[in-house]
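The values are calculated or read from the model by the stated rules, or taken from the named source; none is laboratory data. Everything quoted here is computed from the prediction, not taken from an experiment. Every residue, glycine as well, gets a Cβ built from its backbone with ideal geometry; the counts of neighbours run over all protein chains shown. To get the accessible areas, we keep the full protein, side chains included, count just its heavy atoms, and leave off ligands, DNA and RNA. Shrake-Rupley method; radii C 1.70, N 1.55, O 1.52, S 1.80 Å.
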Amino acid sequence: MERTISIDGQEVKLKSTGATALRYKAQFGKDFFNDLFKLVKGGKADENGKIDPSTIESMDFEFFYNYTWVLAKQADKGIPDPLSWLDSFDVFPILDIVPEIQDLLYNTIQSKKK
């Protein structure tokens, strides 16, 4: 699954593949699903993907930065390492980006209906 989103005025192509969870682990040395489930316990979102501000302090946003980089890397093999890539943006509005990548996240974890 692919989509293009705007981050700090730049069009960024993102791609979710069957290797997303493994690429996440290879790059960051952490299990994708463990990080995701820790996040689910930490923060609450409504049915529209909006995060409840009262739960933000318990969330670790590093997951979203890392996951967004993995999606971008899968779409464009030429992007640099995560910190260099993030440094290429003046702002990286993670709370605005999360709803934009939500469908890609679901694509990564969903099971095929039979």
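Given the criteria part of a helix (DSSP H, G or I) and in contact with a Pro (Cβ under 6 Å, 6 or more places away or on another chain), does W69 qualify? Spelling it out, W69 is indeed part of a helix (DSSP H, G or I) and in contact with a Pro (Cβ under 6 Å, 6 or more places away or on another chain).
The one condition from (1) part of a loop (DSSP other than H, G, I, E, B); (2) at pLDDT 95 or above; (3) closer than 20 Å to M1 by Cβ; (4) not small (G, A, S) that P80 does not meet is (3).
Please enumerate the residues belonging to region 18-27 that are open to solvent by less than 50 Å² (accessible area, probe 1.4 Å) and either closer than 19 Å to S84 by Cβ or β-branched (V, I, T) (or both). Matches in region 18-27: T20, Y24. Please work out if L71 is within 17 Å of L104 (Cβ to Cβ) and modelled with pLDDT of 90 or more. Judged against the criteria, L71 is a match.
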